[in-house]
Amino acid sequence: MGRTVVVLGGGISGLAACYHLSRAPRPPKVVLVEGSPRLGGWIRSVQGPDGAIFELGPRGIRPAGALGARTLLMVSELGLDSEVLPVRGNHPAALNRFLYVGGALHALPTGLRGLLRPSPPFSKPLFWAGLRELTQPRGKEPDETVHSFAERRLGPEVASLAMDSLCRGVFAGNSRELSIRSCFPSLFQAEQTHRSILLGLLLGAGQSPQPDSALIRQARAERWSQWSLRGGLEMLPQALDTHLTNRGVNILRGQPVCRLSLQAEGRWKVSLGDSSLEADHIISAIPASEAAPLAGVLRTISAVSVAVVNLQYRGARLPVQGFGHLVPSAEDPGVLGIVYDSVAFPEQDGSPPGLRVTVMLGGSWLQTLAAGGALSQELFQQQAQEAAATQLGLKEPPSHCLVHLHKNCIPQYTVGHWQKLEAAKQFLAAQRLPLTLAGASYEGVAVNDCIESGRQAAFSVLGTEPHPDPHTLQP
């Protein structure tokens, strides 16, 4: 009798784990258990009445690095090449990003000229912050907050404007709580290895071999900054669903797990509502807090909520062209930023085309509201429309509006997160639990990170090292 692997959680991490398990030369029996009626987790795309696409979760995937290339390889293997919408390197959405500070939009400096000139909201050219960075000694602590790292190496202005906004944009979190080591490992490693972030990033961490395919070569040649799919990013989990079903993976939807127990013979009993499964190994791709009974330390990995408001305007124009803008916490405690969806992906504007933007609300403002129980769709819509009017001059009421509150959607890697991961690993090893953790709670919240965590989990269960991809291109 072959082994049975049960994967908990049908978000992109769980789907990726199933994908790599099912493609093994001698695949185990794979069962995917998802508590909700749909697969894809936070990746969700909705079509408006005019055919416009609204992303309720992630809205673009970065193709950079080995992880970005592996995701593109999966896209090709799923037969989605013709659906890919790229943002090429010379496109405004690739070149321009803005900060909203002091009631105005400021382009973030790019290129050497941008660094040598004073560029508001920064009081002096960023070149000086870079020069300061090169002369700073290496930090002594095993971890610190993103804010203190940035302040120490790049100065208070870069820390409170740029890094504060970046933490809000990526993690919807607070740079004074988040960990540099876990949130921005390449910056942490650069300082550790080269004593300087700039030197580290210039010299690189040494290229790992990257997979190769026609799509990956195209993304490199055209210097894509990100990509989406014609019908929205949800096409990816949908294609995985079809692919897995065709490969004999048993997918159970609407089946929350009630209990996990380890039997005397070392197999798991997975109790669902009205049935149960036996498994030789479990991959847990559910949020850490839900997996806490398996390793108690996971309970301390918390997550924050984000309200996503998709707005569409008829006959409106943006004052600037770019990817979008971020808002530092000092400027607005509630609005994290606004993404200009129509600039990056005009193909998804519907017919007749309408301008689409997405306002992200979160941060301390949302936490305070939630604590007081005062969350309402109307409030989020009002906040978002005010932000679009004030920050982008979109004064007319929108023709279409979607409001979604995503509760506990982004895990927070606070200082010392790496120690929690170590403790969980040691606990699982000491107890000899046939359990592998995957998902956004551990080593990266971006879609590529989640797919990679599923891949790594699958290979550890199969007992093989993640093999170099079949057609590997050495750098």
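For region 271-303, name all the residues that are of a type in the set (Val, Ile, Thr) and assigned to a helix (DSSP H, G or I). Explain how you work it out, then say what you get.
Of all residues in region 271-303, those of a type in the set (Val, Ile, Thr) come to 282-283, 286, 297, 300-301.
Matches in region 271-303: Val297, Thr300.
Scan region 365-389 for residues that are within 15 Å of Ala316 (Cβ to Cβ), open to solvent by 50 Å² or more (accessible area, probe 1.4 Å) and out of contact with any strand residue (DSSP E or B) (no Cβ under 9 Å at 6 or more places or on another chain) and jot them down. Once the filter is applied, which keeps residues that are within 15 Å of Ala316 (Cβ to Cβ), open to solvent by 50 Å² or more (accessible area, probe 1.4 Å) and out of contact with any strand residue (DSSP E or B) (no Cβ under 9 Å at 6 or more places or on another chain), region 365-389 yields nothing. All of (1) touching a residue at least 40 places away in the same chain (Cβ under 8 Å); (2) touching a helix residue (DSSP H, G or I) at 6+ places or on another chain (Cβ under 6 Å) hold for Gln383 with one exception: (2). Residue-level analysis places Ala52 outside the set of residues that are modelled with pLDDT under 95 and either touching a strand residue (DSSP E or B) at 6+ places or on another chain (Cβ under 9 Å) or of a type outside the set (Lys, Arg) (or both). If you filter region 260-277 down to residues that are at pLDDT 90 or above, open to solvent by 40 Å² or more (accessible area, probe 1.4 Å) and of a type outside the set (A, V, I, L, M), you find that the one that is farthest from Val30 (Cα to Cα) is Gln263. Counting only residues that are open to solvent by less than 20 Å² (accessible area, probe 1.4 Å) and in a loop (DSSP other than H, G, I, E, B), how many does region 319-364 have? Number satisfying all stated conditions: 9. Restricted to helices (runs of 4 or more DSSP H) entirely inside region 173-221, those with at least 2 residues that are open to solvent by less than 60 Å² (accessible area, probe 1.4 Å), in contact (Cβ under 8 Å) with a residue 24 or more places away in the chain and within 16 Å of Gly444 (Cβ to Cβ) are 180-183, 185-194. Can you tell me which residue is farthest from Val306 (Cα to Cα) among those in region 365-413 that are in a helix (DSSP H, G or I) and small (Gly, Ala, Ser)? Of everything passing the filter in region 365-413, Ala389 is farthest from Val306 (Cα to Cα).
Out of region 221-240, which residues are closer than 12 Å to Arg62 by Cα and in contact with a strand residue (DSSP E or B) (Cβ under 9 Å, 6 or more places away or on another chain)?
The initial filter retains those residues of region 221-240 that are closer than 12 Å to Arg62 by Cα, namely 223-228.
Of everything in region 221-240, those that are closer than 12 Å to Arg62 by Cα and in contact with a strand residue (DSSP E or B) (Cβ under 9 Å, 6 or more places away or on another chain) turn out to be Trp224, Ser225, Gln226, Trp227, Ser228.
Figure legend. Inter-residue proximity from region 124-152: first residues hydroxyl-bearing (Ser, Thr, Tyr), second residues surrounded by 14 or more Cβ atoms within 10 Å (Cβ to Cβ) and part of a loop (DSSP other than H, G, I, E, B), beta-carbon distance below 7 Å, spacing 6+ or different chains. Indicated pairs: Thr145/Ser175; Thr145/Arg176; Thr145/Glu177; Thr145/Val415. Against the list (1) farther than 30 Å from Asp349 by Cβ; (2) in a helix (DSSP H, G or I); (3) at pLDDT 95 or above, the condition Cys450 fails is (1). Could you list all residues from region 12-36 that are assigned to a loop (DSSP other than H, G, I, E, B) and open to solvent by 20 Å² or more (accessible area, probe 1.4 Å)? Passing the criteria: Arg23, Pro25, Arg26, Pro27, Pro28, Glu34, Gly35, Ser36. Name the residue that is nearest to Asp81 (Cα to Cα), counting only residues in region 222-250 that are of a type in the set (A, V, I, L, M, F, W, C), under 24 Å from the mean Cα position of the chain (by Cα) and outside any helix (DSSP H, G or I). The qualifying residue nearest to Asp81 (Cα to Cα) is Leu229.
The values are calculated or read from the model by the stated rules, or taken from the named source; none is laboratory data. Just so you know, these numbers come straight off a predicted model, no measurement behind them. Because the Cβ atoms are built from the backbone with ideal geometry, glycine has one as well, and the counts that use them run over all protein chains shown. In case anyone asks, the SASA skips ligands and DNA or RNA and just uses the protein heavy atoms, side chains included. Shrake-Rupley method; radii C 1.70, N 1.55, O 1.52, S 1.80 Å.
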